[in-house]
């Protein structure tokens, strides 16, 4: 009677994988060894098919499983991918779905197919007395006009509108040579292996940041902006961020490891 049975646990699965590897690596094999190789292969493949977590897990559970496998916490995942920590927290708590940009970023980071995060699933209901949802984009200001714009932000909660002009810096990550688009005045950045992906993620985190601001009272909005280094005057809020680029084009006081030189600096307008 053969000593191998249907696999019923992960420990048994790992044991059979080790056994199969041992037999396959033997220099000489008997008829029994060949039969055991066939049987173990069938048993292992059956387990793989029935326990493929990519087919059974919902996107959130898939993300949690990948984070466990890689030994990475949400704060670190936010830092290395550029996904806003608030967005990531809401996703992990079933309060927010996966956007196309987030799916691409996570699939690229964990080296998995994007379909792993595309399965529909229900979200927890989030109650809001006055939900506000902004969706805007960053548009470059022509170089000929850029000198007329200081960094400013205007938020009108009563009209549910936001407009701002911010300076973005294009940088290169030292970790993986990805492109980073950084806005010092907001302490936000987008990261991706292409400029388009980095821009898309920057818009994602900027929209999330502004939507969170719009949920606050006018006083709390002012407090949050002051915390970021903005100072409000009669006409507009001016930036006094501590992050800056020195005379040689080197970005200072940015906590993500980047190459010394700024690739490109430009002014962008946002409205929603």
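Here 83, 103 are screened, and the one residue that is touching a residue at least 12 places away in the same chain (Cβ under 8 Å) and assigned to a helix (DSSP H, G or I) is 103.
Output yes when any residue across segment 11-21 is assigned to a loop (DSSP other than H, G, I, E, B) and surrounded by fewer than 17 Cβ atoms within 10 Å (Cβ to Cβ), and no when none is. No: zero hits. If you filter segment 22-60 down to residues that are closer than 30 Å to residue 98 by Cβ and surrounded by 14 or more Cβ atoms within 10 Å (Cβ to Cβ), you find that the one that is modelled with the lowest pLDDT is 57.
The values are calculated or read from the model by the stated rules, or taken from the named source; none is laboratory data. Everything numeric here is computed off the predicted structure, so don't read it as measured data. Neighbour counts are summed over all protein chains in view; Cβ atoms, including those assigned to glycine, are modelled from backbone coordinates with ideal geometry.
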